[in-house]
Structure formats: C-alpha cells, structure tokens
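Presented below is the structure to which this report refers.
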Amino acid sequence: MSEMNRLLQHFILALLIAVISRPVSAWEYLENKDDFDGTVFKYIKSEYVKPNRPLSWPNSDPVVYLYYQCNNQFFVLRNSANNLNDGALEDGWTRYNFRAKINEGTIFEITALNDWGSEHFLLQDKFLISRFSNEGVQSLLIELDHFGDGRRHYKFDITELDTSQIDQ
C-alpha cells in the first residue's frame, strides 16, 4: 500500500471519529425573517420525540417537538397527531390541560391553546422556562390523550437547552 493511501485512510478514520464523537445538542437555534416587514423571529427547537407507545394509523409516525419563540417568549408543542381528547371548545380555539412532569418529579398541569385543526399547541405556562433554568433539570414529560389510542407520554431532553440564548 502506498504512503498516500495509508495517509488517506488515517485521515478518513480521524474524520469519522471526530464526527461520531462530537456532542450533539438536542436543541437547535433558528432564525426566520418575515419577507414582508423584515421582522426576524428567533426560535429554539427541540429534537423530534416519539411517544412511549406507538399510535395507530394514520398517526403512527407523528412529528412532535417543542420550540420556544424567543420574540414573544412562549413555548409551542408541535404535534402532527393532533387528534386529542378532552379539549374545551372556545371561540376559534380549543383549550387543553396537559399533565406534565419535570424529571420524574411532581405532576403539574400545562394549559395549551390550539387553533382548530392546527398541529401547534401554545403552552400557557409562563414559568416553564424558569423551571428549566433550575439546576438538575434533565427532562420534561408531557402526557397527551389521543382519540382511539389513549394516553401517550412524550419525553423532551432539557439538558442541552441553553436558557441564556432565550432573550437574545
């Protein structure tokens, strides 16, 4: 084997090790500019999560993640399997009360608003971000009650959420 081939193999091996061992954040920082008025919106988006048990067709592979809208300072849960039970119909909205836990702690309720038919649920807990800022917070577990499938749990990794980026 030539010296050049050997060097190339070592380079490729080192590159693969570097890529594989690189820490991956569970949260992504995004910006989106409104083309009409030029407003820049900043978001922090979680990784996609799966329910603790599969849902039935046609919701068997839902798109579920959290994002924080930095400009307006609220969390949104995106859930493509938006066939949820027990919502209270209001004028143009459905109001839900989701059960949640931080780490494996005490259960609390998060009120969420959903525009009819939307996959986006506006979480009404203004203190949620301050809860994440506490030392030792590793996960948020949200329970959703799906029509026909029952209760499913969605676990979000909070360890990589950099709350110092939120007000920027």
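The values are calculated or read from the model by the stated rules, or taken from the named source; none is laboratory data. On a predicted model such as this, the values are computed, not experimentally measured, just so you know. With ideal geometry, Cβ positions are generated from the backbone for all residues, glycine too; neighbour counts draw on all protein chains shown.
Which count do you get for residues in the range 53-82 that are touching a residue at least 12 places away in the same chain (Cβ under 8 Å) and in a loop (DSSP other than H, G, I, E, B)? Lay out the reasoning, then the answer.
First pass over the range 53-82, keeping only residues touching a residue at least 12 places away in the same chain (Cβ under 8 Å): 53, 55-56, 59, 62-71, 73-82.
Next, from what is left, pick out any that are in a loop (DSSP other than H, G, I, E, B): 53, 55-56, 59, 62-63, 70-71, 73, 80-82.
The number of residues fulfilling the criteria is 12.
Only one of Thr159, Thr94, Thr111 is touching a Lys or Arg at 6+ places or on another chain (Cβ under 7 Å), in contact (Cβ under 8 Å) with a residue 12 or more places away in the chain and hydroxyl-bearing (Ser, Thr, Tyr); which? Give the steps one after another, and end with the answer.
Details: Thr159 fails: touching a Lys or Arg at 6+ places or on another chain (Cβ under 7 Å); Thr94 fails: touching a Lys or Arg at 6+ places or on another chain (Cβ under 7 Å).
Only one candidate passes the filter, namely Thr111.
Name the residue that is modelled with the lowest pLDDT, counting only residues in the range 89-112 that are of a type in the set (Val, Ile, Thr) and surrounded by fewer than 18 Cβ atoms within 10 Å (Cβ to Cβ).
Start the filter on the range 89-112 by keeping residues that are of a type in the set (Val, Ile, Thr), which leaves 94, 102, 106-107, 110-111.
Among the residues that remain, those that are also surrounded by fewer than 18 Cβ atoms within 10 Å (Cβ to Cβ) are: 106-107, 111.
On the way: Thr106: 87, Ile107: 92, Thr111: 94.
Here the residue is Thr106.
All but one of (1) in contact with a strand residue (DSSP E or B) (Cβ under 7 Å, 6 or more places away or on another chain); (2) more than 18 Å from Asp149 (Cβ to Cβ) hold for Asp35; state the number of the condition that does not hold.
(1)
Residues checked against (1) surrounded by 13 or more Cβ atoms within 10 Å (Cβ to Cβ); (2) closer than 22 Å to Leu161 by Cβ; (3) more than 15 Å from the chain's Cα centre (by Cα):
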residue	(1), (2), (3)
Phe41	yes, yes, yes
Ile44	yes, yes, no
Pro51	yes, yes, no
Tyr67	yes, yes, no
Phe75	yes, yes, no
Arg78	yes, yes, no
Gly87	yes, no, yes
Asn114	yes, no, yes
Lys126	no, yes, yes
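State the number of residues belonging to the range 108-122 that are within 18 Å of Leu84 (Cβ to Cβ) and part of a strand (DSSP E or B).
Of the residues in the range 108-122, 10 are within 18 Å of Leu84 (Cβ to Cβ) and part of a strand (DSSP E or B).
In the range 85-96, which residues are of a type outside the set (Ser, Thr, Tyr) and either in contact with a Ser or Thr (Cβ under 8 Å, 6 or more places away or on another chain) or not in a strand (DSSP E or B) (or both)?
Step one: filter the range 85-96 for residues of a type outside the set (Ser, Thr, Tyr), giving 85-93, 95.
Residues satisfying the conditions are Asn85, Asp86, Gly87, Ala88, Glu90, Asp91, Gly92, Arg95.
Ser139: surrounded by 12 or more Cβ atoms within 10 Å (Cβ to Cβ), of a type in the set (Ser, Thr, Tyr) and out of contact with any Gly (no Cβ under 8 Å at 6 or more places or on another chain), yes or no?
Working: surrounded by 12 or more Cβ atoms within 10 Å (Cβ to Cβ): yes; of a type in the set (Ser, Thr, Tyr): yes; out of contact with any Gly (no Cβ under 8 Å at 6 or more places or on another chain): yes.
In short, yes.
Any idea which of Leu144, Leu122 is at pLDDT 85 or above, under 16 Å from the mean Cα position of the chain (by Cα) and under 23 Å from Pro54 (Cβ atoms)?
On the way: Leu122 fails: under 23 Å from Pro54 (Cβ atoms).
Within the list Leu144, Leu122, the selection yields Leu144.
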